[in-house]
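The values are calculated or read from the model by the stated rules, or taken from the named source; none is laboratory data. Predicted, not measured: the structure shown is a model, and the values here were computed from it. Note that we place each Cβ from the backbone using ideal geometry, even for glycine, and neighbour counts take in every protein chain shown. Calculation scope for accessible area: heavy atoms of the full protein, side chains included, ligands and nucleic acids excluded. Shrake-Rupley method; radii C 1.70, N 1.55, O 1.52, S 1.80 Å.
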Amino acid sequence: MLILGIETSCDETSAAVVEETGDVARPWAIRSNVVASQVPIHREWGGVVPELASRQHIRDICGVVERALVDGKTSWSELGAVAVTQGPGLVGSLLIGLAFAKAAASAAGLPLVGVHHLAGHIESLVLHNGEIPLPAVVLIVSGGHTSLYLVQQPGRYELLSRTRDDAAGEAYDKVAKLLGLGYPGGPVIDRLAATGNDRAISLPTTRLTHVDRNAPELKGDLDFSFSGLKTAVLRYVRTHDGALTDREIADIAATFQRIVVTNLIERLFDAGRRYQARSLGIAGGVSANSRLRAELKTRGERREIPTFVPSLQLSTDNAAMIAAAGLRKFRAGMTSAFDINADAALAL
Ligand code: KG4
Ligand code: ZN
């Protein structure tokens, strides 16, 4: 079966065609995965402007879907379903993809599958690597999320912990902004960090041990927090009068990156041990980070646990991962009614 995936939750308009392979170990193959990025539009504002994002999705959606079908050598009549991101994300952006998917599925007589954006990120691991050993602990780390999930059975995702404040990608973007490095911050800081000394300055690390008032059902000690670190960078920049040399900026980038990566890796491995995971994964935009990938690999090898990341193209938002998660749901007998609504805070 072939499925069309559509993703418009933030600032990328994406459509993809994914097919089932019939191989249980490697269930899906990408036929096409088209991403129209809005980064140049939002760069000017230093972050995503929701109103501009939804307007651009409207302009791009038809062309992006057509391109995905042409690149995937697929006609509407060959498709078996349409999968679309239902949430979470920017509601005005989600609505464009969802309205398009409903209209297209209805016109083509296809079932609709509403997909959780984070299920898509988790399934990007399987799309790229094939099925991974379960139980697995997966860290989703992006501009909007930093959460740990336990996957005991395919398609079942159990939240273990999350950030109490900023997402890691958001911290990257904010720190880059206050260092005058532009948007998005992740790739720039990643590049600069390689040239800096990651011990040159002193910045605080955060370890949360107390229970979160807002989510007492989560244990709390696997939670993340990045706003203190961001504020510490802000203070450092201010006390240096905003006149930092290129060398100092590289040192800040390297130190910031070391602390963020150490934090993410430690919680992931702690959770892996606690839940007796047979594999560990990292997905989402920040999983493109070079230090995070390298440390995951070396730690995994040292602890003799298999580790997985998606390809760089599947790390950031894309529709192929939504199509894959859609196929997983469809094969479990789950489709969506045509009156589902976009949900900015959809629970997984
Ligand atoms: O998953 P994604 O495309 O969108 C969301 O769902 O948020 O993630 C985008 C985030 C941005 O915050 C960006 O700065 C970050 O991923 N990012 C990186 C790197 N590449 C992208 N962060 C750190 N290092 C990178 N190499
Ligand atoms: Zn994402």
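For this structure, a couple of remarks:
- Condition met for SER93 (open to solvent by less than 10 Å² (accessible area, probe 1.4 Å) and assigned to a helix (DSSP H, G or I)): yes
- Residues of the range 216-240 satisfying the condition of being open to solvent by less than 100 Å² (accessible area, probe 1.4 Å), out of contact with any strand residue (DSSP E or B) (no Cβ under 7 Å at 6 or more places or on another chain) and at pLDDT 85 or above: ASP221, SER227, GLY228, LEU229, LYS230, THR231, ALA232, VAL233, LEU234, TYR236, VAL237, HIS240
- Only helices (runs of 4 or more DSSP H) whose full extent lies in the range 249-348 are considered here, and the ones with at least 3 residues that are of a type in the set (Lys, Arg) are 290-303, 319-331.
- Between ARG213, ARG162, the distinction of being under 24 Å from ASP270 (Cα atoms), within 16 Å of ligand 2 (Cβ to nearest atom), open to solvent by 20 Å² or more (accessible area, probe 1.4 Å) and not in a helix (DSSP H, G or I) belongs to ARG162 only.
- Flag for GLY63 being more than 21 Å from the chain's Cα centre (by Cα), over 21 Å from ALA342 (Cβ atoms) and either buried (at least 19 other Cβ atoms within 10 Å of the Cβ) or within 16 Å of ligand 2 (Cβ to nearest atom) (or both): no
- The range 69-83, residues that are charged (D, E, K, R) and part of a strand (DSSP E or B): none
- All told, LEU110 meets the bar of being more than 16 Å from ligand 1 (Cβ to nearest atom), farther than 20 Å from GLN56 by Cβ and not basic (Lys, Arg).
- Qualifying residue in the range 133-149 (condition: free of Cβ contacts under 8 Å to residues at least 40 places away in the same chain and open to solvent by 30 Å² or more (accessible area, probe 1.4 Å)): no
- Scanning the range 241-255 for residues that are more than 17 Å from GLY182 (Cβ to Cβ) and surrounded by 13 or more Cβ atoms within 10 Å (Cβ to Cβ) turns up GLU248, ASP251, ALA254, THR255.
- Residue match in the range 190-198 (condition: of a type outside the set (Val, Ile, Thr), more than 10 Å from ligand 1 (Cβ to nearest atom) and within 23 Å of PRO40 (Cα to Cα)): yes
- Count of residues meeting criterion [within 16 Å of ligand 2 (Cβ to nearest atom) and touching a residue at least 60 places away in the same chain (Cβ under 8 Å)] in the range 168-182: 5
- Any hit, the range 43-53, residues being surrounded by fewer than 20 Cβ atoms within 10 Å (Cβ to Cβ), in a strand (DSSP E or B) and at pLDDT 90 or above: no
- Enumeration of residues in the range 67-89 that are closer than 17 Å to GLU20 by Cβ and within 16 Å of ligand 2 (Cβ to nearest atom): ALA83
- Flag: LEU314 matches the condition of being crowded, with 16+ Cβ neighbours inside 10 Å, at pLDDT 95 or above and within 16 Å of ligand 2 (Cβ to nearest atom).
Here is a yes/no grid of residues against (1) part of a helix (DSSP H, G or I); (2) over 22 Å from HIS116 (Cβ atoms); (3) touching a residue at least 24 places away in the same chain (Cβ under 8 Å); (4) open to solvent by 10 Å² or more (accessible area, probe 1.4 Å):
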| site | (1), (2), (3), (4) |
| --- | --- |
| GLY22 | no, yes, no, yes |
| ALA29 | no, yes, no, yes |
| PRO40 | yes, yes, no, yes |
| ARG67 | yes, yes, yes, yes |
| THR85 | no, no, yes, no |
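- Within the range 128-149, being within 11 Å of PHE308 (Cβ to Cβ), away from ligand 1 (no atom under 16 Å from the Cβ) and not in a strand (DSSP E or B) holds for ASN129, GLY130, GLU131, ILE132, PRO133.
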